[in-house]
């Protein structure tokens with residue numbers, strides 16, 4: 001079992017840090033280059049999906065616990081809404097980033113970064129959840145045969 | 001390629017073809033200088049969607065049920081009519097890349113001029129997406145979140161009772 005897909009296992013292990021790092025780069029460099037929360041979330045989720053495909057869903061769930069992923073999934077959307085309401089609390093309109101910082105430009109930058117982070121976390125968590133749900137369904141179906 | 005997708009019975013090949021189609025359209029977006037869209041298309045359409053379709057195939061089986069065989073007139077008529085209407089609708093659209101087109105006259109110049117200064121962010125796509133169109137992006141995020149909830153409810157709910 002250990003010898004199976006030897007090249008795939010080694011390559012996945014080598015690529016994982018780069019995939020996750022690239023996702024973070026896309027996330028936080030999205031202000032300057034192409035990219036942003038959606039793409040970063042998908043790449044981050046794809047890293048976990050690749051790991052789950054090669055090493056099995058159980059191994060991936062050691063890191064990405066299903067309950068944790070569900071919390072992260074809700075956290076991203078709440079962060080987005082929270083930034084929106086924070087603008088209201090600080091005297092602006094909903095999703096008005098100008099009031100978040102001392103200067104409007106700084107506030108816009110801060111707001112966009114936070115909002116994109118919210119987008120990224122929710123997208124990544126949703127992708128992982130969807131894949132794990134499919135894989136869990138498959139596992140349940142294969143269990144009675146064993 | 002589209003004809004191949006329709007004609008093939010082997011759904012595995014169909015999924016592969018649609019993944020290839022996504023990658024090709026991503027490179028098409030690159031040549032149109034829409035790097036952000038190309039990025040999304042390559043990662044979502046070419047990557048995640050293909051993997052999820054393959055996971056679905058593993059659950060359901062990878063050959064299509066044989067159809068009824070005979071030519072179905074009504075669906076064909078609807079498709080042809082819709083296509084003809086859409087082509088008719090494009091006739092009075094401005095030609096491709098026309099600088100006087102309404103889309104280049106309305107808010108786009110304001111975004112291009114104002115966005116880097118007002119938000120301090122050089123990538124206009126990001127500033128429009130997250131700031132000027134903040135509500136839209138929030139809606140999109142809610143859609144993704146709802147989709148995730150739906151998948152949990154449909155596929156993942158029984159798991160907890162098993163454990």
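The values are calculated or read from the model by the stated rules, or taken from the named source; none is laboratory data. Note that this is a predicted model, so its numbers are computed, not measured. Methodologically, a virtual Cβ is constructed for each residue, glycine included, from the backbone with ideal geometry; neighbour enumeration extends over all protein chains shown.
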Practice item. Keeping to segment B:89-104, report how many residues are in a helix (DSSP H, G or I) and modelled with pLDDT of 70 or more. Key: 2
Exercise for review: Inspect all residues belonging to segment A:2-15 and state whether any of them is within 13 Å of another protein chain (Cβ to nearest Cβ) and either within 22 Å of residue A:127 (Cα to Cα) or part of a helix (DSSP H, G or I) (or both).
Suggested key: no
Review point. Could you say which residue among A:113, A:121 is surrounded by fewer than 22 Cβ atoms within 10 Å (Cβ to Cβ), touching a helix residue (DSSP H, G or I) at 6+ places or on another chain (Cβ under 8 Å) and within 20 Å of residue A:41 (Cβ to Cβ)?
Key: A:113
Study note, to complete from the structure: Residues of segment B:119-131 being in contact with a helix residue (DSSP H, G or I) (Cβ under 7 Å, 6 or more places away or on another chain) and either at the interface with chain A (Cβ under 8 Å from one of its Cβ atoms) or more than 18 Å from residue A:34 (Cβ to Cβ) (or both), in sequence order, are B:119, B:120, B:121, B:122, B:125, B:126, B:127, B:129, B:130, B:131
Study note, to complete from the structure: For segment B:1-23, the count of residues that are in a helix (DSSP H, G or I) and over 13 Å from the mean Cα position of the chain (by Cα) equals 14
Review point. Do the conditions hold for residue A:77, that is, is it farther than 23 Å from residue B:50 by Cα, part of a helix (DSSP H, G or I) and facing chain B (nearest Cβ under 9 Å)?
Key: yes
Review point. Which is within 9 Å of another protein chain (Cβ to nearest Cβ), surrounded by fewer than 17 Cβ atoms within 10 Å (Cβ to Cβ) and touching a helix residue (DSSP H, G or I) at 6+ places or on another chain (Cβ under 6 Å), of A:134, A:94?
Key: A:94
